[in-house]
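*Asks:* Got a structure for you, written out below as structure tokens; questions coming shortly.
The values are calculated or read from the model by the stated rules, or taken from the named source; none is laboratory data. Not measured: the values here are computed from a predicted model. Cβ placement follows ideal geometry from the backbone for every residue including glycine, while neighbour counts extend to all protein chains displayed. In case anyone asks, the SASA skips ligands and DNA or RNA and just uses the protein heavy atoms, side chains included. Shrake-Rupley method; radii C 1.70, N 1.55, O 1.52, S 1.80 Å.
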Amino acid sequence: MTIHEFLSSPAESSKRTGPHDRIVMSSRVRLARNLKGLAFPGWAKKAERVRSLETIRPEVEGLRQMNGGFSESMDNLSAMEKQILVERHLISREHAARTPAADWC
């Protein structure tokens, strides 16, 4: 799925009908745990952070729950695309401002 498909397609919750069709819940999860053998992200050097991302990303993208989901490196997104993600509360302003991705991943 591309960023344009992700941003243009309505959320699954907006397609529902029924007595509670106007109620939408949203949540985010922030993982802040170490991976065995890798330094905590705040202490890791750039190469370790890149290795962590290379380890985690395919596993997360392969989850059944990610079917139809969107995954992209921040350095592949334009400033406009990042701003849209901020306005939709999908990423923080701080996250959008960090570049390139390999420096903070």
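*Asks:* Among the residues of region 71-90, what is the count of those that are under 18 Å from P41 (Cα atoms) and surrounded by 14 or more Cβ atoms within 10 Å (Cβ to Cβ)?
*Replies:* From region 71-90, those under 18 Å from P41 (Cα atoms) are 73-74; that's our starting set.
Next cut, surrounded by 14 or more Cβ atoms within 10 Å (Cβ to Cβ) only: 74.
So the answer is 1.
*Asks:* Here's a follow-up. Would you be able to tell me the number of residues in region 19-47 that are modelled with pLDDT under 75, more than 25 Å from F70 (Cβ to Cβ) and surrounded by fewer than 10 Cβ atoms within 10 Å (Cβ to Cβ)?
*Replies:* Within region 19-47, residues that are modelled with pLDDT under 75, more than 25 Å from F70 (Cβ to Cβ) and surrounded by fewer than 10 Cβ atoms within 10 Å (Cβ to Cβ) number 1.
*Asks:* Restricting to region 1-18, and then to whatever is farther than 13 Å from F70 by Cβ and not charged (D, E, K, R), can you tell me which residue is modelled with the lowest pLDDT?
*Replies:* Here the residue is S13.
*Asks:* Got a number for residues in region 48-70 being under 17 Å from R98 (Cβ atoms) and open to solvent by less than 50 Å² (accessible area, probe 1.4 Å)?
*Replies:* Qualifying residue count for the region: 3.
*Asks:* State which residue pairs qualify: first residue modelled with pLDDT of 90 or more and inside region 86-105, second residue surrounded by fewer than 14 Cβ atoms within 10 Å (Cβ to Cβ) and not acidic (D, E) in any location, beta carbons under 6 Å apart, and separation of 6 or more residues or different chains.
*Replies:* Pairs found: V86/R93.
*Asks:* Can you tell me which residues in region 43-76 are within 13 Å of the chain's Cα centre (by Cα) and among the hydroxyl-bearing types (S, T, Y)?
*Replies:* If the condition is that a residue be within 13 Å of the chain's Cα centre (by Cα) and among the hydroxyl-bearing types (S, T, Y), then S71, S73 are the ones that fit.
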